[in-house]
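Notes to accompany the following structure.
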Amino acid sequence: MKKAQIKRILPPVFQTAVRAGNPLFAILDVMETMHAPVESALDRLDITFDPHRAPDAFVPYLASWVDLEVLLDVARTPGAASTPSLSTGLGRLRELTAAAVTLSQWRGTRKGLCLFLETATGMTGFEVDERVVGVDGKIRPFHLRITAPKELAEHRILIERIVELEKPAYVTYELRFGSRQDQPAAS
């Protein structure tokens, strides 16, 4: 807020008293300076809440607004500030946060699980088999076999967290890395 704008909202007796060089004029200078950081933040408020443009340190907080904090790792270094992070990187966390509405619409479905995994890792090639044959030769009800690209083996914990978050509660699963051709046949 500029001095002229502040002056207009003062009572009339103060408006007439404001003259260059007097203490009231100096107070208006101070008020203008004090408003500058707040006005600057408000001018770029849209950036703060956009997951693609938000400051890096704010992205995990935005992710928590859409219930993604369960996926984040927190560094446990004694005496150090702990910043939550996603094992696949900040860019993937930004994408997950931006896609949260779409992901929630497909929650509990094969498509939703694959979309979530692809968004979190930046890779395609996930397979979800809902007709897993057990050792007895029968289809195992309420069981999934999820095959992830072998390049993502180092992100096993993240993938398991996503599967636990997205699958229906009564469903069990097994996670494998590679392609279906790489997996041994069920006996």
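The number of residues in region 124-175 being touching a helix residue (DSSP H, G or I) at 6+ places or on another chain (Cβ under 9 Å), assigned to a loop (DSSP other than H, G, I, E, B) and either surrounded by fewer than 14 Cβ atoms within 10 Å (Cβ to Cβ) or modelled with pLDDT of 95 or more (or both) comes to 4. Can you confirm whether Leu42 is without any contact (Cβ under 8 Å) to a residue 24 or more places away in the chain and either of a type in the set (D, E, K, R) or surrounded by fewer than 14 Cβ atoms within 10 Å (Cβ to Cβ) (or both)? Criteria met by Leu42. Only a single item in (1) closer than 30 Å to Arg161 by Cα; (2) touching a residue at least 24 places away in the same chain (Cβ under 8 Å); (3) open to solvent by 50 Å² or more (accessible area, probe 1.4 Å); (4) not in a loop (DSSP other than H, G, I, E, B) is not met by His52, and it is number (4). For the residues Leu62, Leu42, the requirement of being in a helix (DSSP H, G or I) and farther than 18 Å from Pro84 by Cα singles out Leu42.
Out of all the residues in region 79-87, is one or more under 30 Å from Pro149 (Cβ atoms) and among the aliphatic types (A, V, I, L, M)? Yes, that holds for at least one residue.
When you look at Ala17, is it closer than 30 Å to Glu164 by Cα and open to solvent by less than 60 Å² (accessible area, probe 1.4 Å), yes or no? Talk me through it step by step, then tell me what you get.
Values: closer than 30 Å to Glu164 by Cα: no; open to solvent by less than 60 Å² (accessible area, probe 1.4 Å): yes.
Here the answer is no, as Ala17 does not meet what is asked.
The number of residues in region 99-119 being open to solvent by less than 20 Å² (accessible area, probe 1.4 Å) and closer than 14 Å to Glu164 by Cα comes to 4. Exactly one residue out of Leu10, Leu24 is free of Cβ contacts under 8 Å to residues at least 24 places away in the same chain, of a type in the set (A, V, I, L, M, F, W, C) and not in a helix (DSSP H, G or I), and it is Leu10.
The values are calculated or read from the model by the stated rules, or taken from the named source; none is laboratory data. The structure presented is a predicted model; accordingly, all values stated were derived computationally and were not measured. Cβ atoms come from the backbone with ideal geometry, glycine included; neighbour counts cover every protein chain shown. Side chains are part of the model used for accessible areas, which takes the heavy atoms of the whole protein and leaves out ligands, DNA and RNA. Shrake-Rupley method; radii C 1.70, N 1.55, O 1.52, S 1.80 Å.
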